[in-house]
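Worksheet for the structure shown next.
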Amino acid sequence: MTLGLGFGGGRQHVSQSDPRQLIPRTDALLALPAFVDAATALGDAVVRAAIVTAQQQARDGQIAPEAVADAARAGLPTSSTSLEPVLNATGIVVHTNLGRAPLSAAAVAALARAAGYVDVEFDLDTGARARRGRETLAALLEQVPTAGDALVVNNGAAALVLATTALAAGREVVVSRGELVEIGDGFRLPDLIESTGARLREVGTTNRTHLADYAAAVGPDTGCILKVHPSNFRVAGFTSSVGLSDLSTLGVPVVMDIGSGLLTADPATPEEPDASTALAEGATIVTASGDKLLGGPQAGLVLGDQKVVELLRRHPLARALRVDKLTLAALEATLRGPVSPVRSYLHAEPAVVRTRTERLAAALGREVVDVVGAVGGGAAPGMPLPGCAVELPSGCAEALRRHRPAVVARVERGRCLVDLRCVPVGDDQVVQNAIRDVLDDLAGGG
Ligand SMILES: *Cc1c(COP(=O)(O)O)cnc(C)c1O
């Protein structure tokens, strides 16, 4: 369809020899209903930029002057965010590069509801100021009744920084050498902790640390003991570490960084520590991420002893790590709402995923192969997630990435593997259409 612009007369002199003079003017284009609507949705500047680009293409002779309106419209972005939604066909449930946890529909609706003015820090009954995010904190405490109080900050690293700053700035954090981990992208927990002004007091060895090692290090200068769950690697063989119940006898606060944000034990990830168990075993406070196994928005959770949580809440740094209303809304909806996508993908019934995969493979005339997925994103290292995938030629992976909607598959030993575990059930057909497009293109040499 063309937008049907009639340009005649006015001061525009139309020269037979120079079709560039037929290029429609910006003001005329901006007045067309399609561009008025687009300006409302995307902003004036974005629409102007698309128009200018199309006009330039006509000036350069790449398109005809009559095609400028359609080209400008085709050049409009589909959204005001450049973030591109992706179908995660990697089989990796919590994929850091793909934004970790996808939010539930309930959490998305909560985000939208919180987007305008809301009573995040205001009591509508009394008109007085109210505790920020009170219901989100209440929802956390409902799920971890052994915690005296809770606090939400920007991410897991922020929770850890706040805890070590409030408890140990200028003093020592006692930590096992087996737990000095790098959390990804070159960020190392020891550096993070030392950046707070606390001194690391390393005890034990990489593979073995004993209670006596901690006991010998703890003294008047100890701010806290820190225990970190090695969430992205596993030490196997001749190993030993000290449990929270033993550490809690040493008379100093014990901070447990559980990492992945399980609030209670989940049989699907038996080796992942959870907040309830860690507190019951003697941790003073636990810190965790909101967007790993909990399946919520990016957030850092602090749960545990009421006095210590209050100390953290009152610390000046807490203000710099404060979460916004959107995070509070999405987190509350994750805690109280329907099962999160992360949880449902982790608990996906193998037979159901296989049936979907076989249907996809049959429709495409391809093979189903057995694969081993992963939880990923700093959770359950080494825990295999047996599953299956549709096997495609390896060249498909790049084409699927470039396809819209984008499909990110896994490339393994020269094969492109499409794993439906983390694809919403309703999107199987979308994935199938994308693969068909890509296979057709490859067959056509396009
Ligand atoms: C992921 C992780 C962190 C960092 O949490 P973010 O939410 O990514 O800031 C810290 N400690 C452990 C053990 C982790 O697994």
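FYI, it's all coordinate maths here, none of it is from the lab. All values derive from a computational prediction rather than experimental measurement. Counting neighbours? That spans all protein chains shown, and the Cβs are built from the backbone with ideal geometry, glycine included.
Taking only Cα atoms and a 10 Å spring cutoff, compute GNM fluctuations for the chain and point out the largest among I193, I225, I63.
Between I193, I225, I63, it is I63 that shows the largest mean-square fluctuation.
For the chain, what does -39500 (n - 2.57) per DSSP helix run (n ≥ 4), summed and divided by total residues, give at 222 nm, in deg cm²/dmol to the nearest 500?
Values: 18 runs with 165 residues, N = 446.
Value at 222 nm, helices only, nearest 500: -10500 deg cm²/dmol.
Helix 350-364 versus the longest principal axis of the chain: what is the Cα-based angle in degrees, 0 to 90, to the nearest 10?
20
Any idea what the alpha-carbon Rg over 2.2 N^0.38 Å comes to for the range 339-446?
Details: Rg = 13.8 Å, N = 108, 2.2 N^0.38 = 13.0 Å.
Taking the Cα Rg and dividing by 2.2 N^0.38 Å, one obtains 1.06.
Mind ordering 99-106, 211-218, 128-135 by average Cβ neighbours within 10 Å, highest first?
Top of the packing list down: 99-106, 211-218, 128-135.
Compute the semi-axes of the equivalent ellipsoid of the range 19-74, taking the square root of 5 times each eigenvalue of the Cα gyration tensor, and list them largest first in whole Å.
Three semi-axes, in Å: 20, 10, 8.
Output needed: Cys residues of the chain lacking any neighbouring Cys C-beta below 4.7 Å, sorted by number.
Among the cysteines of the chain, those whose Cβ sits 4.7 Å or more from every other are C224, C388, C422.
Once the piece of chain linking E349 and R436 is laid out straight, how much longer is it, given 0.36 nm per residue of separation minus the C-alpha distance between them?
Length difference between fully extended and current span is 28.7 nm.
Before anything else, pin down the relative contact order of the range 19-74: Cα pairs under 8 Å, at least 6 apart, normalised by residue count, whole percent.
On the way: 52 pairs, mean separation 24.8, N = 56.
That works out to 44 percent.
Using +1 at the C-beta of Lys and Arg and -1 at the C-beta of Asp and Glu, which of G426, Q56, V371 has the Cα lying farthest in the positive direction of the dipole of the chain?
Q56
Only Lys, Arg, Asp and Glu count, each charged at its Cβ (+1, +1, -1, -1), so figure out the dipole size of the chain about its Cα centre, rounded to 20 debye.
600
Mind ordering 251-257, 24-30 by average Cβ neighbours within 10 Å, highest first?
251-257, 24-30
Tally the DSSP beta bridges in the chain and give the antiparallel ones as a percent, rounded to 5.
Expressed as a percentage, antiparallel bridges in the chain total about 55.
Going by average Cβ density within 10 Å per residue, which order do the peptides 341-349, 314-322, 277-285, 157-165 take, highest to lowest?
In decreasing order of mean packing, 341-349, 314-322, 277-285, 157-165 become 157-165, 277-285, 341-349, 314-322.
For the chain, take the longest principal axis of its alpha carbons; what is the angle in degrees between that and the long axis of helix 44-59, to the nearest 10 within 0 to 90?
That works out to roughly 40 degrees.
Excluding residues fewer than 8 places away in the same chain, name every one of the lysines whose C-alpha is closer than 26 Å to that of K292.
Those lysines meeting the cut-off are K227, K325.
Rounded to the nearest 20 Debye, what is the dipole magnitude of the range 199-272 about its Cα centre when Lys and Arg each give +1 and Asp and Glu each give -1 at the C-beta?
Dipole of the range 199-272, to the nearest 20 debye: 180 debye.
So if I place +1 on the C-beta of Lys and Arg and -1 on the C-beta of Asp and Glu, and nothing else carries charge, what would the dipole magnitude of the range 19-74 be about its Cα centre? I want it in debye, nearest 20.
Values: 5 positive and 6 negative charges, 30 e Å.
Its charge dipole is roughly 140 debye.
Using just the Cα positions, wrap the chain in a convex hull and report its mean projected area in square nanometres, one decimal place.
Orientation-averaged projected area of the Cα hull: 29.1 nm².
Normalised by the residues of the chain, what does the relative contact order come to in percent, with Cα pairs under 8 Å and at least six apart?
For the chain, the relative contact order is 18 percent.
Out of the range 115-200, which chymotrypsin sites (Phe, Trp or Tyr not before Pro) are coil in DSSP terms and have no more than 12 other C-beta atoms within 10 Å? Let's see the in-between values first.
Working: sites: Y117, F122, F187; in loops: Y117.
Here the chymotrypsin sites (Phe, Trp or Tyr not before Pro) that fit, given the DSSP loop and packing criteria, are Y117.
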